[in-house]
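We did not get these values from a lab; they are worked out from the coordinates using the rules stated. All values derive from a computational prediction rather than experimental measurement. Because the Cβ atoms are built from the backbone with ideal geometry, glycine has one as well, and the counts that use them run over all protein chains shown.
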């Protein structure tokens, strides 16, 4: 008995020691690599949030090295399984749309022919879930008086590109075809995507412009979306390379893992330097993806033009599908762009993806597509997910939600 008690004490102390060392290493790693601009609001909250994220990442990598599972599966499992909470204002059900799990939110007040919202969650196609994104979806349903469908698409690296976006497309098509069964006017359906969900929303809207057998999507709502994998040296990537939660190098790692299903030996440095883009493609897309298309006020924080590294055929072969429009929707041809629905775009100043949104805004406007644009000067990537978290909620989180809801209410 004494031996058993001693063993449990040793296990407890060892567990505490391992967690302490991992947290200390995570804290050191984050603090030495994080660079927050002067004048940025909420610096302490940003650092605290990043320390938590850094600890989770370090812990997931440690567990992966023990052979228990890959890091992204471990990270997503920490939040995947949560109870479905009752809501006095909403009816919430988990359903399946043509094999794709979804969570549907209906306002309890009686009404027919409501607006419909399809929400595609963030997470780089690697993590995230309908559980993690439940707070924003509840808010969308209540504040815009809409039926909200949150799509639980499969994730990489087990199901790499294009599986997550194809799952999302399947759910969208089902909802468009059967909208009336859910109390929704099929002519008033918007697709809302956050971060990589914005990538999926953009790609899906492009896929649907030629579908004459389906109701036309009323609007696309893109919240700090990722839209291209060609140039990681645009002004926003340079200015915000070390601002959490989405560092420049992390964005490339996540994108590569989603694209290929590989989580180790990621050739990030070559991708960041542009060695993965053949000269012929670079020349073709220069008219769309260029710092010349970014307004001067967004270059104020020290942008310096960078020449791409010499082209690597080997690197290109690994990531060449990144030039497909379902992965990089900013590369779609003009005849597709000009058919797109009314669009809402929101960008954040302290976000590496800011310029993707700016470039797409220009492309849409150049092709006559109506655009509602909002920029949050104090915003950073991922703020929508912090809505309703009390002391962890950023002021820009509320602004983000308010802008989106105001647009949705006007549809």
- Note on the structure: Averaging 1/r across every pair of distinct alpha carbons in region 171-223 and inverting yields a Kirkwood hydrodynamic radius, in angstrom, of 11.2
- Task: Could you grab the relative contact order for region 96-411? Cα pairs under 8 Å, six or more apart, rounded to a whole percent.
- Result: 20
- Query: Under a no-solvent Debye model with one identical scatterer per Cα of region 272-348, what's log10 I(q)/I(0) at q = 0.15, 0.21, 0.27 Å⁻¹?
  - Reply: -0.72, -1.18, -1.34
- Separation between Cα centres of region 88-141 and region 252-278, rounded to whole Å: 32
- Size of region 240-309 along its principal axes in angstrom, Cα-based, largest extent first? 37, 33, 18
- Estimated D of region 205-356 in µm² per second, where Rh is the Kirkwood radius over Cα pairs and Stokes-Einstein applies at 25 °C, 0.890 mPa s: 148
- Query: Rounded to whole Å and sorted largest first, what semi-axes of the equivalent ellipsoid does the C-alpha gyration tensor of region 362-411 yield via the square root of 5 times each eigenvalue?
  - Reply: 26, 13, 7
- Message: Percent of Cα-Cα pairs more than 22 Å apart in region 292-411, please.
- Response: 51
- Query: Based on the mean of other beta carbon atoms within 10 Å per residue, what is the order of 256-262, 388-394, most packed first?
  - Reply: 256-262, 388-394
- Rg to Rh quotient for region 141-282, alpha carbon positions, Kirkwood Rh: 1.03
- Message: If you average 1/r across every pair of different Cα atoms in region 96-217 and take the reciprocal, what Kirkwood value do you get, in Å?
- Response: 14.2
- Between residue 212 and residue 242, Cβ-based FRET efficiency (R0 45 Å, step 0.05) works out to 0.40
- Here the Kirkwood hydrodynamic radius of region 96-411, Cα-based and in Å, equals 19.6
